[in-house]
1. If the cut-off is a Cα-Cα distance under 24 Å, which lysines reach K86, setting aside same-chain residues fewer than 8 apart in sequence?
2. Give me the percent of the accessible area of the range 74-168 that comes from carbon and sulfur atoms, probe 1.4 Å, all protein chains in place.
3. Residues with beta-carbon under 13 Å from that of C74, excluding C74: net charge, scoring Lys, Arg +1 and Asp, Glu -1?
4. Working out 0.36 nm times the residue gap between E19 and R120, then minus their Cα-Cα distance, what length gain in nm do you get to one decimal?
5. Could you compute the FRET efficiency for T57 and K133, with r as their C-beta to C-beta distance and R0 at 25 Å, rounded to 0.05?
6. Less than 19 Å apart at the alpha-carbon level, and either on another chain or at least 8 residues along: which lysines does that give for K150?
7. Which three numbers, in whole Å and largest first, are the semi-axes of the equivalent ellipsoid of the chain derived from its Cα gyration tensor as √(5λ)?
8. Please give me the summed charge of the neighbours of R52: other residues whose Cβ is under 12 Å from its Cβ, Lys and Arg +1, Asp and Glu -1.
Amino acid sequence: MSRDRVRVEVVSLRGIAPEELSFDAWDALWVGYLEFYKTSLPEATRRETFARLTERTTDKDAIHGLLARDPTTCEPLGIAHYLFHKSTWHTDTVCYLNDLFTKAGVRGRGVGRALIDGVRSACDVVNEEGEHKVRRLYWSTQQMNQTARKLYDTYAYPEFIQYRINLP
């Protein structure tokens, strides 16, 4: 298999037309992501997530999504989901990259980097005074995810360990 970079176009899922991306096409990537982490979600939850990602809204608490696709064929290659939230450490907003997934055949070929850079661009908003409003972009991954960690280590060094309690 060639390890050359693939050509990729990154587009927002917000208000994307159904003919540009169907639930089934997005869901194939989402289920691939879930399977990679050895988990699953009911179809109703997946459909609600897709609806949230694609609805036209100006809700500041909305979740956002990006799709990486082949610019010629429009074949979906990867997805990124992210959200903005307030911080207790400063008055600016931070961005949490909640999910990042690329098809196995294009891993290590620039698709994940294009998605992270797309999220970084979404963070590049300024307030009325011309100051950046988003102070930090952060994410987490499992320790075993060596392929992703190689990419992530080119952006940042992990400073914290995340602990999580799943609540009923």
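1. Correct list for K86: K60, K133.
2. Accessible surface attributable to carbon and sulfur in the range 74-168 totals 51 percent.
3. My count for the surroundings of C74 gives -3.
4. Here the segment from E19 to R120 would lengthen by 33.7 nm.
5. Computed FRET efficiency for T57 and K133: 0.85.
6. Cα-Cα hits under 19 Å: K103.
7. Over the Cα atoms of the chain, the semi-axes work out to 24, 20, 19 Å.
8. Once positives and negatives cancel, what remains is 0.
The values are calculated or read from the model by the stated rules, or taken from the named source; none is laboratory data. Just so you know, these numbers come straight off a predicted model, no measurement behind them. Backbone-built Cβ (ideal geometry, glycine too); neighbour counts: all protein chains shown. For accessibility, only protein heavy atoms count, side chains too; no ligands or nucleic acids. Shrake-Rupley method; radii C 1.70, N 1.55, O 1.52, S 1.80 Å.
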